[in-house]
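Worksheet: one structure, shown below.
The values are calculated or read from the model by the stated rules, or taken from the named source; none is laboratory data. Not measured: the values here are computed from a predicted model. Counting neighbours? That spans all protein chains shown, and the Cβs are built from the backbone with ideal geometry, glycine included.
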Amino acid sequence: MPFPKDFLWGGAVAGNQYEGGYQSGGRGLSTLDAVTGGGYKKPRMMTYRTKEGQIGESPIDSSLTGQIPEGAVGFIKPDTFYPSHMATDFYHHYKEDIALFSQMGFKCFRMSISWSRICPKGMYDLNEEGLEFYDHVFDELLKYGIEPVVTINHFDMPLYLADHYDGWSSREVIDFFVFYAKTVMHRYKDKVKYWMTFNEINVLSSWCQIGIHRNDPQTLYQAHHHIFVASAKVVELGHSINPDFIIGMMAAVTPSYPMTCKPEDVMESIRFNRAREFYMDVQVKGYYPAYKLKEFQRMGVNIVMEDNDLDIIRKGTVDFIGFSYYMSTVSTTDSDAEKTEGNQFTAFKNPYLSTSDWGWTVDPMGLRIALSQLYDRYHVPLFIVENGLGAADTVEDDGQILDDYRITYLRGHIKAMKEAVELDGVELMGYTPWGCIDIVSAGTGEMKKRYGFIYVERYDDGTGDFSRRKKKSFDWYKKVIASNGEELG
């Protein structure tokens with residue numbers, strides 16, 4: 001068997017897409033609480049209030065990229081539907097959901113902690129009720145032998161820090177984040193072994209993700225530097241709290257192939273891949289790579305650092321790389337080439353591959369390619385913490401959800417990762433398909449775009465009783481786990 005006996009099979013979610021209870025238990029507001037629903041090719045909107053008291057909306061694209069005006073603050077408009085406020089209500093259904101995860105045989109469950117549930121303003125204001133909620137969640141997981149895999153910050157930040165500190169552009173936010181991370185790592189040091197600091201760190205760019213009101217290169221890369229320093233501090237701190245902690249980073253991985261063998265297309269694919277690899281280079285190798293420093297010079301970006309920042313980054317390298325993989329893309333200098341949708345970006349269409357209903361390229365072999373390239377480049381264990389197919393599931397008259405298309409997608413990707421382990425020698429820790437239970441789509445704000453093995457009665461108009469039911473893929477994935485990846489159907 002290519003997978004070790006302790007391989008971490010499970011599923012993955014994000015708090016802001018699943019948890020709900022946005023003002024329950026003393027939780028403060030987060031930036032994503034001020035983002036409305038949307039739809040396929042219909043933008044989600046960030047709602048805000050200006051200094052003069054005017055209420056406005058600003059669109060974001062499928063990558064959550066967008067800004068609100070300088071000086072404006074996030075604002076929750078009355079009589080407006082914000083899907084994250086209730087999401088699919090893990091806050092009130094966690095025992096039921098974890099029991100279903102156990103029925104599938106989960107060895108682990110990737111989830112995130114809401115920063116504003118622990119520190120409502122994101123500062124030094126602890127909320128004991130929030131800490132107790134995650135105590136109960138972790139206890140319930142461990143009762144069934146399911147290892148929590150915790151992302152400390154997943155795509156949002158406390159609204160107060162965005163409003164009053166311009167988010168991660170402020171150096172002070174480093175200390176606020178380290179305090180928050182220290183609090184949860186110490187509190188759950190005997191319950192959580194696996195941690196990741198920031199979700200998809202290589203795509204963070206917007207007000208709703210990192211609280212910045214401008215995303216010009218200088219502001220953006222200064223904010224990213226602060227995030228690098230904060231992450232490195234937390235890695236070192238976590239290892240001092242519990243030497244058995246296994247702490248990783250998390251990146252969105254989308255390998256890009258040259259459209260042709262034209263040298264310019266090859267160079268364009270190198271450029272595209274570097275834009276994502278840069279973040280892994282810093283967090284795994286512990287330094288800013290030469291190609292990025294040259295790019296900073298060309299852009300006129302001057303990162304303001306304190307004297308020991310580079311030493312902190314060097315010492316705070318991660319133990320593993322967690323990553324999302326949904327698709328591949330191609331690179332070309334031909335601006336007229338056909339485009340398609342992508343995860344956090346607009347992609348070029350690969351004529352050899354099909355796409356999902358939402359336009360994402362389906363490429364199982366690309367996962368093997370990504371695993372091989374990452375392991376050859378970084379020589380640290382890898383963990384596939386997101387992979388899945390968003391689709392519009394239909395409930396049949398007899399109540400069944402026959403999602404064979406999801407089974408086909410996941411089967412192909414599991415075969416590819418088996419080949420990466422068995423044939424290429426990749427050290428792979430685990431596999432947690434994305435949205436193992438239906439959640440709100442991050443990019444489109446929809447419930448219609450579903451990923452899970454478990455269907456949740458919740459719809460885009462805000463209706464639904466939140467009842468849960470198994471899809472066909474539920475029993476299929478249960479057999480995959482029980483056979484340690486050998487029985488794929």
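Number of residues in the range 318-343 that are surrounded by 13 or more Cβ atoms within 10 Å (Cβ to Cβ), under 30 Å from GLY435 (Cβ atoms) and not hydrophobic (A, V, I, L, M, F, W, C) equals 13.
Among the residues examined, ASP166 does not qualify as buried (at least 24 other Cβ atoms within 10 Å of the Cβ) and either under 19 Å from ARG214 (Cβ atoms) or modelled with pLDDT under 95 (or both). Filtered by the rule that a residue be touching a residue at least 24 places away in the same chain (Cβ under 8 Å) and touching a Leu at 6+ places or on another chain (Cβ under 9 Å), the range 216-243 gives ALA223, HIS224, ILE227. The number of residues in the range 25-44 that are in a helix (DSSP H, G or I) and either of a type in the set (Asp, Glu) or farther than 19 Å from TYR165 by Cβ (or both) comes to 1.
With respect to ALA87, is the statement that it is on the phi > 0 side of the Ramachandran plot and of a type in the set (A, V, I, L, M) true? Judged against the criteria, ALA87 is a match.
Every listed requirement among (1) farther than 19 Å from MET249 by Cα; (2) at pLDDT 95 or above; (3) of a type outside the set (Lys, Arg) is met by TYR180 save one, (1). Can you tell me which residue is surrounded by the most Cβ atoms within 10 Å (Cβ to Cβ) among those in the range 190-203 that are in contact with a Leu (Cβ under 9 Å, 6 or more places away or on another chain) and at pLDDT 95 or above? Out of the qualifying residues, it is PHE198. Could you tell me whether ALA12 is surrounded by 20 or more Cβ atoms within 10 Å (Cβ to Cβ) and farther than 16 Å from PRO158 by Cα? Answer is yes for this residue. Looking across the range 404-445, the residues that are more than 16 Å from ARG110 (Cα to Cα), assigned to a loop (DSSP other than H, G, I, E, B) and touching a strand residue (DSSP E or B) at 6+ places or on another chain (Cβ under 7 Å) come down to VAL426, GLU427, THR444, GLY445. Per this entry, TYR180 is counted among residues that are assigned to a helix (DSSP H, G or I), under 20 Å from the mean Cα position of the chain (by Cα) and over 20 Å from VAL282 (Cβ atoms).
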